[in-house]
1. Restricting attention to the range 48-83, and to residues there that are polar (S, T, N, Q), crowded, with 16+ Cβ neighbours inside 10 Å and not in a strand (DSSP E or B), which single residue is modelled with the highest pLDDT?
2. Just a yes or no: is a residue in the range 196-206 of a type in the set (A, V, I, L, M), open to solvent by 10 Å² or more (accessible area, probe 1.4 Å), modelled with pLDDT under 95 and farther than 14 Å from I267 by Cα?
3. Exactly one condition in (1) open to solvent by less than 20 Å² (accessible area, probe 1.4 Å); (2) touching a residue at least 40 places away in the same chain (Cβ under 8 Å) is false for K165; which is it?
4. Please count how many residues of the range 125-168 are assigned to a helix (DSSP H, G or I) and closer than 27 Å to K308 by Cβ.
5. Do you know which residues across the range 169-195 are assigned to a strand (DSSP E or B) and surrounded by 20 or more Cβ atoms within 10 Å (Cβ to Cβ)?
6. For the subset of the range 84-138 comprising residues that are at pLDDT 95 or above and basic (K, R), which member is most open to solvent (accessible area, probe 1.4 Å)?
7. In the range 227-286, what residues are among the β-branched types (V, I, T), buried (at least 22 other Cβ atoms within 10 Å of the Cβ) and not in a strand (DSSP E or B)?
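The values are calculated or read from the model by the stated rules, or taken from the named source; none is laboratory data. Since the model is a prediction, treat every value here as computed from it, not as a measurement. Here the Cβ positions follow ideal geometry from the backbone for every residue, glycine too, while neighbour counts run over all protein chains shown. Side chains included, ligands, DNA and RNA excluded: accessible areas come from the protein's heavy atoms. Shrake-Rupley method; radii C 1.70, N 1.55, O 1.52, S 1.80 Å.
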Amino acid sequence: MSRSRVVQAVVSLASLALLVTACGGGPDGAGGTSQAAGAPASGIPDTAAIVQGVQKDAQLNAALPDTVKQAGLHLASNLQSAPNNFYAADGKTPIGYEVDLAKAIAAKLGVPVTHQDMAFGSLITSLQSGRIDLTMAGMNDTKARQAQIDFVDYFTSGITIMIRKGNPDGITGPDTLCGKNVAVVQGTSHQKFAAEQSSKCTQAGKPAVNVTATDSDNQNQNQLRTGRVQAILNDLPSAVYISRTAGEGKFFEVVPGEPIDGGPYGIGVNKANTALRDSVQKALQALITDGTYGKILQAWGVEQGAIKEAAINGGS
């Protein structure tokens, strides 16, 4: 995840989220957001009923460490990445599909969960020091990070192709990018993939991908809207959220299919706390099996990143 190169995109998403929720949406404090009139704001789903429907598993609760049973789960995120995790219109209530998943896991375990906003670079060290119980912040589960903490995988992200609404340029996947103008953010994995795909096109005797690299995701979106480029490469959750919210969903759409060069996001757990790790894994797997997990992802429009098994340290 190229966090250092998508700061502007994250900021723009957070700002957009605030604008969307300001249309009347607000937190209900019980696992999701709801409208006073009962209808969710554009791009902000009402997931309260989904999370409230989760039933406590007594056996999983019994297996938790005593400290968690007594105080609940203390989870840290970097709350600025819609639709993963971000603030509602009140500027203080965490929302997002990761927030809903965390609440559902906590409900299955029979304990409350509190969210703390923390710099991304501080998450692992805070977990290692015992200041927090879990992290859930769009963090890729990688072998390098597995040397520091354990992960319970909950989502598969990767590169996604964003196109104009209605797909006027007929882009259906990476192979149809040949000869097209494609925008990426400078220095990201998206830029690297675009270059690799361009080479594949020319080797197959097709036109190269015309890659435009900028420092601004907003600039890329403007170019796509005006037809200067035919596609944007972005991370799956961000692309889906932009497509759902920009122009009230009338500007862009995401090409269907599995994420490109995908890898898992993981819930971080202290390596010494295997009891908590295993309890979280079993709770998440139960939510996958009973369909709650899928309903949450579908509500946020990110079901393309769904997993079938909550693996422990499944990243590479």
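1. N61
2. No - not one qualifying residue is present in the range 196-206.
3. Looking at each condition in turn, K165 falls short on (1).
4. Number satisfying all stated conditions: 5.
5. Of everything in the range 169-195, those that are assigned to a strand (DSSP E or B) and surrounded by 20 or more Cβ atoms within 10 Å (Cβ to Cβ) turn out to be V182, A183, V184, V185.
6. In this case the residue turns out to be R131.
7. Hits for the range 227-286 are V229, V240, I242, T245, V280.
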